[in-house]
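K.L.:
Please read through the structure below; I'll follow up with questions.
The values are calculated or read from the model by the stated rules, or taken from the named source; none is laboratory data. For clarity, every value in this text was computed on a predicted model and none was experimentally measured. Using ideal geometry, Cβ is built from the backbone for each residue, glycine included, and neighbour counts are taken over all protein chains shown. Heads up: the accessible areas ignore ligands, DNA and RNA and are worked out on the full protein's heavy atoms, side chains in. Shrake-Rupley method; radii C 1.70, N 1.55, O 1.52, S 1.80 Å.
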Amino acid sequence: MLDIQSLRNDLTGVASRLATRGFILDVARFQELEAQRKSIQTRTQELQAKRNSSSKLIGQAKAKGEDISAIMAEVATLGDELKQAEEQLGAVQTALQQLLEVIPNMPHSSVPEGKSDADNFEVRKVGKIPQFGFAVKDHVDLGEKLGLDFDTATKISGARFSLLKGPLARLHRALAQFMLDTHSEQHGYTETYVPYMVNADSMRGTGQLPKFEEDLFKVPFGLEEPNAAEQTRIGNLDDADSIRESVKQRYFYLIPTAEVPVTNIVRDEIVPLEKLPMKFVAHTPCFRSEAGSYGRDTRGMIRQHQFDKVELVQIVHPEKSYEGLEELLGHAETILQKLGLPYRVVKLCTGDMGFSSALTYDIEVWLPAQNTYREISSCSNFEAFQARRMQARFRNAQGKPELVHTLNGSGLAVGRTLVAVLENYQQADGSVVIPEVLHPYMGGIEKLVP
RNA sequence: GGAGAGGUGGCAGAGUGGUCGAAUGUACCUGACUCGAAAUCAGGCGUAGCGUUUACGCUACCGUGGGUUCGAAUCCCACCCUCUCCGCCA
């Protein structure tokens, strides 16, 4: 969420910067709501002040045993007027809040303007692209003989799921463990185990809600309708709405990334200055509906409803967030380097960035079968955008609460790393050599053999 | 699932419907004392919004949402969360 002050102070400036990322801010509506808010709020507060002082007078008069009927008469009409004003104010503030919640973050000044991924800026290429003396296979063809089974996954669940068996499943686990160990032991991250289902407040905090609900899996618990006992109570009570409301809220969301539960660790917290930076790493499954990407990446395990990811999160001092982002990016790159996978780093242009991000680097790994680089990690600085939604703060040197900055990045997406290992380490006979750093995790297996 | 207790400022913890944004303690900041520190003493110290823009004034916030009332931290209703005991359970 943007600071409403920045909109008040420089509405056209904010609007034009947001336009570079393809977001059209409804300037007129904001101005209208702000004008309404201002007049209604002033009026409401005047009425409240009057009510407070009158009530105080009544209290004092009563204490002295004086006659209060004169004051009572004066206040008689105040109640209705005030109630109406408060309702109007509430409505305007809700409307403003809703408008604010769907405005994306402001791109950092260094972000190149552009419309799509074609306009992203290549920062660097690392590693040597392997040359094969034979026709390369993609991970689906390779995996077929190595324990990768899409047909059975489809039977069990449906499209966009995968089933791994034997040493291949172990390789998947080895990758996750290797990443987790590297980040916790060498990069200073605290390993965390987190809930995979979260409430709506957490989703709102990191920016998935309210705008991107269709990308999420929503899981009801208990009945979706009021149960028999609740029906009875609804029938008997005057304010049945609160029961219906609580029934409606009886659900969780499956996390689309560990960013959600991990970043929300600091939601509604004021952390001491000396606790910054906080660095967390978590290995979790991620669940995405992939609504709107129906035709894309239907082959293989590139785009799945469920995949594993090792996620890095940093909670940092506002002045240190860009430093932190470079560091975090380096941590993610380290994994690719240790695995010997060629990759490149790109800085996303304004049009390709995620909703909450101020600056994003994608790391793209080389996939020989596709003869191209594919995203395997995304590292972002959200500045105070998430922190403002979460009310995540620290106590600054002056002792005042101030919003933290939040960062995160994949370190890495495990499924796609598996794909990259299979394709880059394939041999002519269809076997796959296991990168050396994974050997300690593979129980003596150094090669996947059909 | 059954029974009970409780959610108040950074923390702890008071609060007969009126002068309570909230005692007190603690932490923290400033000053005094000290060579310095500790101890002691004095003062300050919540968050957010609005209006004047240094000083100030007003408003909201005591788990959340409703209700009663001229007036609610305090009374009523619902919900959420935490803790204790019993039962069941991976």
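K.L.:
Which condition does A:ARG43 not pass, out of (1) surrounded by 12 or more Cβ atoms within 10 Å (Cβ to Cβ); (2) among the basic types (Lys, Arg); (3) near RNA strand B (Cβ under 9 Å from one of its atoms), if it passes all the others?
P.N.:
Of the numbered conditions (1) surrounded by 12 or more Cβ atoms within 10 Å (Cβ to Cβ); (2) among the basic types (Lys, Arg); (3) near RNA strand B (Cβ under 9 Å from one of its atoms), the odd one out for A:ARG43 is (3).
K.L.:
Just name the residue that is farthest from A:LEU99 (Cα to Cα) out of those in the stretch A:54-87 that are of a type in the set (Gly, Ala, Ser) and open to solvent by less than 60 Å² (accessible area, probe 1.4 Å). Spell out how you get there, then give the answer.
P.N.:
Going through the stretch A:54-87, the residues of a type in the set (Gly, Ala, Ser) turn out to be A:54-55, A:59, A:61, A:63, A:65, A:69-70, A:73, A:76, A:79, A:85.
Then keep just the ones that are open to solvent by less than 60 Å² (accessible area, probe 1.4 Å); that gives A:54, A:59, A:61, A:79, A:85.
On the way: A:SER54: 37, A:GLY59: 42, A:ALA61: 46, A:GLY79: 30, A:ALA85: 21 Å.
Looking at the filtered set, the residue picked out is A:ALA61.
K.L.:
Identify the residue in the stretch A:301-344 that is more than 16 Å from A:LEU407 (Cα to Cα) and surrounded by fewer than 20 Cβ atoms within 10 Å (Cβ to Cβ) and, among all such residues, is farthest from the chain's Cα centre (by Cα).
P.N.:
A:GLY340
K.L.:
List the residue pairs whose Cβ atoms are under 7 Å apart, where the first residue sits in the stretch A:397-411 and is assigned by TED's automatic domain parsing to the domain that holds A:LEU276, the second is near RNA strand B (Cβ under 10 Å from one of its atoms) and in a strand (DSSP E or B), and the two are 6 or more positions apart or on different chains.
P.N.:
A:PRO401/A:ILE270; A:PRO401/A:ARG393; A:PRO401/A:ARG395; A:GLU402/A:ARG393; A:LEU403/A:ARG393; A:VAL404/A:ARG393
K.L.:
Please state which of the following conditions A:LEU273 fails to meet, knowing it meets all the rest: (1) over 27 Å from A:ALA174 (Cβ atoms); (2) open to solvent by less than 40 Å² (accessible area, probe 1.4 Å).
P.N.:
(2)
K.L.:
Consider only pairs whose beta carbons are under 7 Å apart and that are at least six residues apart or on different chains; among these, list those whose first residue lies in the stretch A:1-21 and is polar (S, T, N, Q) and open to solvent by 20 Å² or more (accessible area, probe 1.4 Å) and whose second residue is assigned to a helix (DSSP H, G or I) and within 16 Å of RNA strand B (Cβ to nearest atom).
P.N.:
A:SER6/A:VAL14
K.L.:
Let me ask something additional. Somewhere in the stretch A:185-194, is a residue within 14 Å of RNA strand B (Cβ to nearest atom) and at pLDDT 60 or above? Even if it seems obvious, please write down each step before you answer.
P.N.:
Of the residues in the stretch A:185-194, the ones within 14 Å of RNA strand B (Cβ to nearest atom) are A:193.
Filter once more, keeping what is at pLDDT 60 or above: A:193.
Yes, the stretch A:185-194 contains a residue that is within 14 Å of RNA strand B (Cβ to nearest atom) and at pLDDT 60 or above.
K.L.:
Please find, among A:ARG389, A:ARG393, the residue that is at pLDDT below 90, within 16 Å of RNA strand B (Cβ to nearest atom), in contact with a strand residue (DSSP E or B) (Cβ under 7 Å, 6 or more places away or on another chain) and assigned by TED's automatic domain parsing to the domain that holds A:MET301. Before you say what the answer is, go through the steps one by one.
P.N.:
Values: A:ARG389 fails: in contact with a strand residue (DSSP E or B) (Cβ under 7 Å, 6 or more places away or on another chain).
Testing whether each residue is at pLDDT below 90, within 16 Å of RNA strand B (Cβ to nearest atom), in contact with a strand residue (DSSP E or B) (Cβ under 7 Å, 6 or more places away or on another chain) and assigned by TED's automatic domain parsing to the domain that holds A:MET301 leaves just A:ARG393.
K.L.:
Under 9 Å by Cβ, and 6 or more places apart or on different chains, what pairs join a residue from the stretch A:263-277 that is acidic (Asp, Glu) with one that is open to solvent by less than 50 Å² (accessible area, probe 1.4 Å) and assigned to a strand (DSSP E or B)?
P.N.:
Close Cβ pairs satisfying both conditions: A:GLU269/A:PHE394.
K.L.:
Given A:PRO130, A:PRO112, which one is within 27 Å of the chain's Cα centre (by Cα) and either away from RNA strand B (no atom under 12 Å from the Cβ) or assigned to a loop (DSSP other than H, G, I, E, B) (or both)?
P.N.:
Numbers: A:PRO130 fails: within 27 Å of the chain's Cα centre (by Cα).
Matching residue, one of A:PRO130, A:PRO112: A:PRO112.
K.L.:
Of all residues being in a loop (DSSP other than H, G, I, E, B) and over 15 Å from A:GLY340 (Cβ atoms) in the stretch A:115-127, which is most open to solvent (accessible area, probe 1.4 Å)? Just the residue, please.
P.N.:
Step one: filter the stretch A:115-127 for residues in a loop (DSSP other than H, G, I, E, B), giving A:115-116, A:120, A:127.
Checking the rest, the ones that are also over 15 Å from A:GLY340 (Cβ atoms) come to A:115-116, A:120.
Values: A:LYS115: 178, A:SER116: 46, A:ASN120: 33 Å².
Result: A:LYS115.
K.L.:
Among the numbered criteria (1) within 10 Å of RNA strand B (Cβ to nearest atom); (2) under 15 Å from A:ILE4 (Cα atoms), which single criterion is violated by A:LEU99?
P.N.:
With respect to (1) within 10 Å of RNA strand B (Cβ to nearest atom); (2) under 15 Å from A:ILE4 (Cα atoms), A:LEU99 is out only on (1).
The rows are residues; the columns are (1) near RNA strand B (Cβ under 8 Å from one of its atoms); (2) within 21 Å of A:GLN386 (Cβ to Cβ).
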| position | (1), (2) |
| --- | --- |
| A:GLN36 | no, no |
| A:GLN48 | yes, no |
| A:ARG51 | yes, no |
| A:GLY59 | yes, no |
| A:ALA76 | yes, no |
| A:ASP80 | no, no |
| A:ILE103 | no, yes |
